[in-house]
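Below you'll find the structure, written out as structure tokens, and then a few comments.
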Amino acid sequence: MSAVQRKGVQALLELAPVVDELGARFAAAGHELALVGGPVRDILLGRGSKDLDFASSARPEAVEKLLAGWADHVWDIGKDFGTIGCRKGEWILEITTYRSESYDPTSRNPEVSYGDNLPDDLSRRDFAMNAMAVRLPSHEFVDPYGGLEDVAAKVIRTPGSPESSFSDDPLRMMRAARFAAQLGFTPDPAVVAAMTSMADRITIVSAERVRDELIKLVCAKYPRIGLDLLVSTGLADHVLPELPALRLERDEHHRHKDVYEHSLIVLEQAIELEPRLGGTEPDFISRFAALIHDIGKPKTRKFEDGGKVTFHHHDAVGAKLAKKRMKALRFSNEQIEQVGKLVELHLRFHGYGTGEWTDSAVRRYVRDAGDLLSRLHILTRADCTTRNKRKAEALRSAYDDLEERIARLREQEELDSIRPDLDGNQIMQILGIGPGREVGEAYKFLMELRMDEGPLDEDRAKEALLSWWNNRP
Ligand code: ATP
Ligand code: MG
């Protein structure tokens with residue numbers, strides 16, 4: 001047994017109580033059960049997780065019955081797909097009935113039909129490294145396609161020919177890029193060749209499935225590897241065409257940098273700054289905004305006289321493009337708004353110079369960023385890829401300065417819920433008017449005043465309101 005195998009089996013035995021218990025339960029009822037796919041691969045990689053996937057000869061109804069009375073909680077993940085989920089202590093288990101999918105090459109999603117044996121089930125899986133299983137409770141290791149070798153060599157191969165596999169389900173091309181990004185593995189040359197020649201087939205897959213793989217890829221440990229694969233194979237031309245479009249050729253004076261490479265560095269720098277968000281999970285919004293913050297550049301590029309290149313309004317144009325693409329990929333409205341806003345605001349800081357902003361400008365920055373402020377800090381800091389150390393240091397200290405000013409203002413006033421100093425009732429009373437459009441206008445005036453001046457006491461606010469009222473055109 002190799003060292004990896006030994007380590008794997010050891011890790012498996014640590015799982016043993018929960019896994020063997022379930023195996024015994026299924027066996028007693030005359031059903032097969034095996035640990036399959038991701039968890040087997042991950043155990044061999046020494047990256048255990050609390051999520052376990054199983055395959056079984058039992059049909060979903062029988063699985064549900066076997067889990068009831070054993071698990072703490074049982075739920076139906078998709079009985080039509082044959083998957084039942086449950087929680088047992090700290091473990092989340094998913095049991096899927098053996099499959100023998102039949103694929104209709106014109107349909108968007110696989111159709112499910114049940115199989116009756118493990119080898120057939122494994123033969124329909126995406127990659128050899130995901131087609132390994134451990135039968136329960138015997139612990140027999142089943143690896144028909146050399147997945148263990150692939151894991152040791154860090155390569156991604158399909159069980160059969162990549163062409164027929166990707167023809168059965170083109171999403172597997174995205175999954176190859178995603179696993180490359182998560183595991184740092186290299187797809188076999190035949191896999192890359194098939195991804196390249198079949199890239200356009202991804203268009204028959206539903207946007208939701210593509211989106212979910214894209215999210216996993218971007219949130220992976222090595223997103224650059226996955227993104228480069230999407231771009232070099234041509235898959236990105238179909239799923240995220242704005243990304244390859246960033247590979248702008250240099251102008252004849254070699255004046256401007258390749259925006260694509262810049263974007264990848266900004267993404268990597270944003271990942272390094274992610275701990276600022278206080279969570280432990282990757283933050284898709286922050287990462288995706290970093291990746292596509294400049295997607296307005298190709299469309300807004302102008303060669304000015306004297307060879308200067310400009311990208312005027314690429315922030316606003318980019319925000320629009322980002323939203324349009326995310327909508328096509330069926331992201332939620334919230335995700336679309338968040339990324340759109342970050343792209344739109346990513347240049348705002350550039351007016352800050354060495355601290356020239358008024359308090360008013362700082363308040364507006366905080367208000368416009370809203371609950372995206374921490375992510376905007378990350379994006380703006382990450383968006384500095386100059387090799388000029390002095391320039392980079394100057395930008396960093398200017399941004400430190402801005403964050404300090406925000407903190408100071410926050411101590412003095414309620415920055416996050418800025419409201420005018422007078423409310424609607426007070427406005428009506430002071431002006432002697434009833435509800436209507438004018439109250440709204442007065443409210444807006446007071447809000448702007450509040451932004452410009454900071455908090456005012458009631459008398460001064462009243463004075464300002466009356467003077468505005470009496471001087472209206
Ligand atoms: P993770 O859960 O960490 O994302 P995973 O390997 O468990 O990784 P899943 O998407 O959860 O990936 O899929 C579970 C298993 O189902 C895979 O390991 C693979 O064996 C199989 N599988 C999933 N999607 C496909 C597909 N499109 N085609 C073939 N097999 C698939
Ligand atoms: Mg999984």
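The values are calculated or read from the model by the stated rules, or taken from the named source; none is laboratory data. As the structure is a computational prediction, the values presented were derived from the model and not from experiment. Here the Cβ positions follow ideal geometry from the backbone for every residue, glycine too, while neighbour counts run over all protein chains shown. Surface accessibility is based on the protein's heavy atoms, side chains included, excluding ligands, DNA and RNA. Shrake-Rupley method; radii C 1.70, N 1.55, O 1.52, S 1.80 Å.
Given a 1.4 angstrom probe, what's the average accessible area per residue across the stretch 242-417, in square angstrom?
On the way: 9490 Å² over 176 residues.
Ligands and nucleic acids excluded, the result is 54 Å² per residue.
Positive end of the dipole of the chain, charges at C-beta (+1 Lys, Arg; -1 Asp, Glu), about the Cα centre: which of 219, 170, 264 has its Cα farthest in that direction?
Farthest along the dipole direction, towards plus: 264.
What spacing in nm lies between the two simple spin-label points modelled at residue 419 and residue 281, each 7 Å away from Cα in the Cβ direction?
Computed distance between label sites residue 419 and residue 281 equals 3.3 nm.
Over the stretch 154-239, with the other protein chains present, what is the accessible area per residue in square angstrom, probe 1.4 angstrom?
34
Around residue 156, which amide H atoms from residues at least 5 apart in sequence, or from another chain, sit under 5 Å from its own amide H, with H modelled in the peptide plane?
So residue 156 has HN proximity to 186, 188.
As a quick test, which of the pairs 154/324; 65/216; 50/79 have an alpha carbon distance above 28 angstrom in this structure? Working shown, then result.
Numbers: 154/324 37 Å; 65/216 33 Å; 50/79 22 Å.
As for pairs spanning more than 28 Å Cα to Cα, those are 154/324; 65/216.
Quick one: Karplus J couplings for the stretch 70-79, per residue in order, coefficients 6.51, -1.76, 1.60, θ = phi - 60°, nearest Hz, x for Gly and Pro?
10, 7, 6, 7, 10, 9, 9, 7, x, 4
Can you give the FRET efficiency to the nearest 0.05 for residue 116 and residue 140, using r as the Cβ-Cβ distance and R₀ = 30 Å? Spell out each step's value before the answer.
Values: r = 18 Å, r/R0 = 0.59.
Working from the Cβ atoms, E equals 0.95.
Relative to the present Cα-Cα distance, how much length would full extension add between residue 393 and residue 437 at 0.36 nm per residue of separation?
Values: separation 44, 0.36 × 44 = 15.84 nm, distance 4.95 nm.
So the chain would gain 10.9 nm between residue 393 and residue 437.
Test of understanding: express the Cα radius of gyration of the stretch 154-239 as a ratio to 2.2 N^0.38 Å, with N the residue count.
Working: Rg = 11.3 Å, N = 86, 2.2 N^0.38 = 12.0 Å.
Rg over 2.2 N^0.38 Å, computed on Cα atoms: 0.94.
Helix check for the chain. Which DSSP H runs span at least 20 Å along their own axis by Cα, with a mean Kyte-Doolittle hydropathy no less than -1.0?
Details: long enough: 3-28 (34 Å, 0.49); 259-273 (21 Å, 0.75); 314-328 (21 Å, -0.67); 389-412 (35 Å, -1.41); 437-453 (24 Å, -0.70).
Going by DSSP H runs, the hits are 3-28, 259-273, 314-328, 437-453.
Dividing the Cα radius of gyration by the Kirkwood radius, what Rg/Rh value follows for the stretch 62-191?
0.99
Can you run phi through the Karplus equation (6.51, -1.76, 1.60; θ = phi - 60°) for the stretch 296-308 and list ³J(HN,Hα) in whole Hz, with x for Gly and Pro?
Working through the residues one at a time gives x, 5, x, 6, 10, 5, 10, 8, 7, 4, x, x, 6 Hz.
Can you work out the base-10 log of I(q)/I(0) for the chain at q = 0.08 1/Å, using the Debye formula on its C-alpha atoms alone?
Once normalised to I(0) and log-transformed, intensities are -0.65.
Can you list residues from other chains, or at least 5 along the same chain, whose modelled amide H is less than 5 Å from the amide H of residue 37?
When sequence neighbours closer than 5 places are left aside, the close amide H contacts are 132.
Putting +1 on Lys and Arg Cβ atoms and -1 on Asp and Glu Cβ atoms, find which of 241, 290, 93 reaches farthest to the positive end of the dipole of the chain.
My answer, from the dipole projection, is 241.
Keeping every protein chain in place, order 305, 42 by accessible area at 1.4 Å, biggest value first, i.e. largest first. Intermediate results must be reported in sequence, preceding the final value.
Working: 305 150, 42 20 Å².
The most accessible residue leads, giving 305, 42.
Could you tell me whether the stretch 424-470 comes out rounded, prolate or oblate from its Cα gyration tensor? Rule is a ≥ b ≥ c as square roots of the eigenvalues, rounded for a/c under 1.5, then prolate if a/b exceeds b/c, otherwise oblate. Intermediate values should be presented prior to the final figure.
Values: a/c = 1.94, a/b = 1.50, b/c = 1.29.
Prolate is the answer for the stretch 424-470, as a/c is 1.5 or above and a/b outweighs b/c.
Which of the lysines could a cross-linker bridge to residue 462, judged by Cα under 22 Å and excluding same-chain residues fewer than eight apart?
Result set, ordered by chain and number: 444.
Report the gain in length on full extension from residue 409 to residue 92: 0.36 nm times residue separation, minus Cα-Cα distance, nm rounded to one decimal.
Details: separation 317, 0.36 × 317 = 114.12 nm, distance 4.57 nm.
Length gained between residue 409 and residue 92: 109.5 nm.
Heavy atoms only, probe 1.4 Å: what % of the accessible area of the chain goes to carbon and sulfur, would you let me know? The partial results should precede the final answer.
On the way: 11170 of 23100 Å².
Result for the chain: 48 percent of the exposed heavy-atom area is carbon or sulfur.
Over the stretch 302-373, what relative contact order in percent results from Cα pairs under 8 Å that are six or more residues apart?
Numbers: 41 pairs, mean separation 19.1, N = 72.
Taking the mean separation of contacting Cα pairs over the length of the stretch 302-373, I get 26 percent.
Determine the calculated [θ] at 222 nm for the chain from helices alone, applying -39500 (n - 2.57) to every DSSP H run no shorter than 4 residues and normalising by the residue count; nearest 500 deg cm²/dmol.
On the way: 22 runs with 249 residues, N = 473.
Rounded to the nearest 500, the figure is -16000 deg cm²/dmol.
What do you get for GluC sites (Glu not before Pro) in the stretch 120-202 restricted to DSSP loop and a cutoff of at most 15 other Cβ within 10 Å of the site's Cβ? Intermediate values should be presented prior to the final figure.
Numbers: sites: 140, 149, 163; in loops: 140.
Qualifying residues, ordered by number: 140.
Pick out, from 187, 84, 38, the residue whose Cα sits farthest towards the positive end of the charge dipole of the chain, with +1 on the Cβ of Lys and Arg and -1 on the Cβ of Asp and Glu.
So the residue furthest toward the plus end is 187.
Near the amide H of residue 88, under 5 Å away, which other amide H atoms are found, from residues 5 or more places off or on another chain, if H is placed in the peptide plane?
72, 93
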